[in-house]
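Okay, structure first, notes after.
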Amino acid sequence: MADFSVVICTRNRAEHLARTVDSLREQPGARFPIVVVDQSDSPDASLERRADEDALLTVIPDTGRGATRARNLGCRAVESEWVVFLDDDCRPEPDWATEFDRAVREHPEAALFSGHVTAGGEFPSDDYLPVAWSEVNEERVVKGRWHLPWRIGFSLCQAVRRHVVWDIGGWDERFGPGTSPFPSADDMDFNYRFLRGGHVACVTPRLRAVHEQWRTNEQLGPLWEGYMRAWIGFALKHLRTGDIPGGLWLWSWGLVDIAENLASAAKRRSSLRLRITGHKIRGLVVGTARGLRTDWGAKGPT
């Protein structure tokens, strides 16, 4: 079995986390370390009891904020060759560990693996836009900086060689859930630096997971606005730290995304998608202003 540990960052989502840990411990024949970095407002008693009973489950209480901070803390706490970064509301399918081991053996050149992520749960209405899912129908090996960073997956379920995490500078703690003003794009920044560094990724439909969709329609507009604001901030980070072609290319994809979302709203006659388009436009404007004001050279990886 491939040598890996799982790192999960969580905050105030005990029920989601319990289901995710269940899905990991139900993997057949696989016993591997799980590190939970818990930034919750109060301790999770059930999680602490579970850790007392499971020698391979470690809980790291963290009074800080941010998923990227938590991933860096978790990654420092493990010694395995591979680190699987997993969101607390994302459940790997029962054969995930077996398929990961097979993929590692078949693609020794790869330093990152991701797969097919299904949007799970009951949608609150027919007019809904799922968050962070990825349809993968065929296996592909990806190398080269001019691939869009989402082509190699999202941090909600992603395995990376541990030394490569640090080779590219770790997770930039200025991005991601729990941070401001760029509460997303943490994985896009990580993936972009990974590809720019010449590393190889494998994306395969054999690695399957389910991302629970629990947000309401009312929560989606501000959420997607934050996604866009962070994407633009990430683009301007690279533009202003010397990668001018890459930064401009990434920034322009914000415009492409807005145009595609508007076209989807018109085609589906979706009032939700139309509202989200408005939020994305605001995110692009605010993200550009914030990204231009941020001192990107002050801290964090480039």
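The values are calculated or read from the model by the stated rules, or taken from the named source; none is laboratory data. Just so it is clear, the structure is predicted and the values come from calculations on it, not from any experiment. Cβ coordinates were reconstructed from backbone atoms using ideal geometry, including for glycine residues, and neighbour counts include every protein chain displayed. When the accessible area is computed, the model is the full protein with side chains, heavy atoms only, and any ligands, DNA or RNA have been set aside. Shrake-Rupley method; radii C 1.70, N 1.55, O 1.52, S 1.80 Å.
For residues that are open to solvent by 10 Å² or more (accessible area, probe 1.4 Å), in contact with a helix residue (DSSP H, G or I) (Cβ under 6 Å, 6 or more places away or on another chain) and either aliphatic (A, V, I, L, M) or part of a helix (DSSP H, G or I) (or both), tally how many sit in segment 136-176. Going through segment 136-176 one residue at a time, the tally reaches 1. Condition first: at pLDDT 95 or above, among the small types (Gly, Ala, Ser) and open to solvent by 10 Å² or more (accessible area, probe 1.4 Å). Can you find one or more residues in segment 213-226 that meet it? No, the conditions are met nowhere in segment 213-226.
What number of residues within segment 206-265 satisfy the criterion of being outside any helix (DSSP H, G or I), under 20 Å from Thr288 (Cα atoms) and either hydroxyl-bearing (Ser, Thr, Tyr) or under 20 Å from the mean Cα position of the chain (by Cα) (or both)?
Of the residues in segment 206-265, the ones outside any helix (DSSP H, G or I) are 206-216, 241-243.
Adding the requirement that they be under 20 Å from Thr288 (Cα atoms) leaves 241-243.
Next cut, either hydroxyl-bearing (Ser, Thr, Tyr) or under 20 Å from the mean Cα position of the chain (by Cα) (or both) only: 241.
Qualifying residue count for the region: 1.
What do you reckon, is Arg269 open to solvent by 20 Å² or more (accessible area, probe 1.4 Å) and closer than 27 Å to Val117 by Cα? In short, yes. Identify, please: which residue in segment 57-92 is in contact with a strand residue (DSSP E or B) (Cβ under 9 Å, 6 or more places away or on another chain) and open to solvent by 60 Å² or more (accessible area, probe 1.4 Å) and is, among those, nearest to Met1 (Cα to Cα)? Among residues in segment 57-92 that are in contact with a strand residue (DSSP E or B) (Cβ under 9 Å, 6 or more places away or on another chain) and open to solvent by 60 Å² or more (accessible area, probe 1.4 Å), the one nearest to Met1 (Cα to Cα) is Glu81.
Here Leu86 meets each of (1) in a strand (DSSP E or B); (2) at pLDDT below 95 with one exception, condition (2). Considering segment 107-135 alone, what residues qualify as being assigned to a loop (DSSP other than H, G, I, E, B), crowded, with 16+ Cβ neighbours inside 10 Å and either under 19 Å from the mean Cα position of the chain (by Cα) or of a type outside the set (Ser, Thr, Tyr) (or both)? Those that are assigned to a loop (DSSP other than H, G, I, E, B), crowded, with 16+ Cβ neighbours inside 10 Å and either under 19 Å from the mean Cα position of the chain (by Cα) or of a type outside the set (Ser, Thr, Tyr) (or both): His107, Ala110, Ala111, Leu129, Val131, Ala132, Trp133. Which numbered condition in (1) open to solvent by less than 30 Å² (accessible area, probe 1.4 Å); (2) within 17 Å of Phe100 (Cα to Cα); (3) not in a helix (DSSP H, G or I) is the only one that Ser23 fails? Exception for Ser23: condition (3). Consider segment 177-209 and keep the residues that are open to solvent by 20 Å² or more (accessible area, probe 1.4 Å) and free of Cβ contacts under 8 Å to residues at least 40 places away in the same chain. The one that is nearest to Arg71 (Cα to Cα) is Ser180.
Restricting Pro28, Pro43 to those that are of a type outside the set (Asp, Glu), in contact (Cβ under 8 Å) with a residue 40 or more places away in the chain and open to solvent by 50 Å² or more (accessible area, probe 1.4 Å) reduces the list to Pro28.
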